[in-house]
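The values are calculated or read from the model by the stated rules, or taken from the named source; none is laboratory data. These figures come from a predicted structure and were not determined experimentally. Every residue, glycine as well, gets a Cβ built from its backbone with ideal geometry; the counts of neighbours run over all protein chains shown.
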Amino acid sequence: MQTLSKSLLPTRLLAGVAVPDTALVARAIEYARDHSEPYLFNHVMRSWLFAAILADLKQAPYDAEVLAVAAVLHDLGLAKAFEGPLRFEVEGANAARAFARAGGFDEARSQLVWDSVALNSTPSICLHKEAEAALCTQGVGVDWGGWGHAAISDERMAAILEAFPRLAMKQRFTQAICHIVHTRPETTYDNFARDFGERFVPGYRAASMVDPLLNAPFEE
């Protein structure tokens with residue numbers, strides 16, 4: 001797998017953060033913009049910028065183009081165009097991998113995009129995967145739950161929030177996940193969407209994974 005560190009790629013400053021400036025990254029940004037509501041587009045852009053800052057702080061080798069594509073496309077599964085029968089992270093990962101393949105990524109880099117998107121909301125796994133997947137999850141975590149917020153300087157945080165305002169992120173994201181709980185509850189039982197269903201959606205009752213084990217067709 002060919003990896004492209006930021007030092008090997010053309011770069012530009014975005015909200016004061018140096019990021020890769022390639023044709024594919026530009027297309028990924030436009031793809032996310034075209035398919036996302038403004039609050040969600042701003043969220044993925046902030047997540048990418050936070051991930052890029054954390055990567056620089058860690059000084060660890062990583063593929064900056066893969067990280068960019070994965071972070072910018074990590075919430076495609078919440079877009080109407082990509083609604084489907086699978087949990088939204090997987091629908092989004094399938095769409096992001098298809099985009100990466102069409103853009104010229106080889107199979108290994110495309111699969112890394114898939115892993116980064118599919119597992120971004122499962123940090124107990126994704127933080128222990130490849131650098132790109134872990135950084136994607138960390139960047140998302142800063143913006144979504146404030147995890148690692150202190151690593152971003154006040155000046156940089158202010159610049160990013162000015163460039164990409166939150167636009168009622170907390171309320172709008174809650175509405176998006178509750179919509180999934182209402183319309184596709186079967187995709188929510190083994191992931192964080194379950195928490196939103198149990199707190200906000202009357203009548204929601206997730207299936208228990210204890211039952212399949214105890215009811216399996218074996219004597220012991």
* **Unmet criterion (only one of (1) surrounded by 22 or more Cβ atoms within 10 Å (Cβ to Cβ); (2) in contact (Cβ under 8 Å) with a residue 24 or more places away in the chain) for Ala60** => (1)
* Asked: Which pairs do you get when a residue that is in the same structural domain as Asp190 (by TED's automatic domain parsing) and of a type in the set (S, T, N, Q), found in segment 207-220, comes within reach of a residue that is assigned to a loop (DSSP other than H, G, I, E, B) and surrounded by 10 or more Cβ atoms within 10 Å (Cβ to Cβ), reach meaning Cβ atoms under 9 angstrom, with the pair 6+ apart or on two chains?
  -> Ser208/Tyr189
* Structure fact -> When restricted to Ala52, Ala70, the only residue of a type outside the set (Val, Ile, Thr), touching a strand residue (DSSP E or B) at 6+ places or on another chain (Cβ under 6 Å) and either within 19 Å of Gly148 (Cβ to Cβ) or modelled with pLDDT under 95 (or both) is Ala52
* Condition broken by Glu30, with the remaining ones in (1) over 18 Å from the mean Cα position of the chain (by Cα); (2) surrounded by fewer than 15 Cβ atoms within 10 Å (Cβ to Cβ); (3) at pLDDT 95 or above satisfied -> (1)
* Determine if segment 114-125 includes at least one residue that is crowded, with 19+ Cβ neighbours inside 10 Å and among the aromatic types (Phe, Trp, Tyr). => yes
* For segment 188-208, indicate whether the set of residues that are of a type in the set (Val, Ile, Thr) and either exposed (fewer than 11 other Cβ atoms within 10 Å of the Cβ) or not in a loop (DSSP other than H, G, I, E, B) (or both) is non-empty. => no
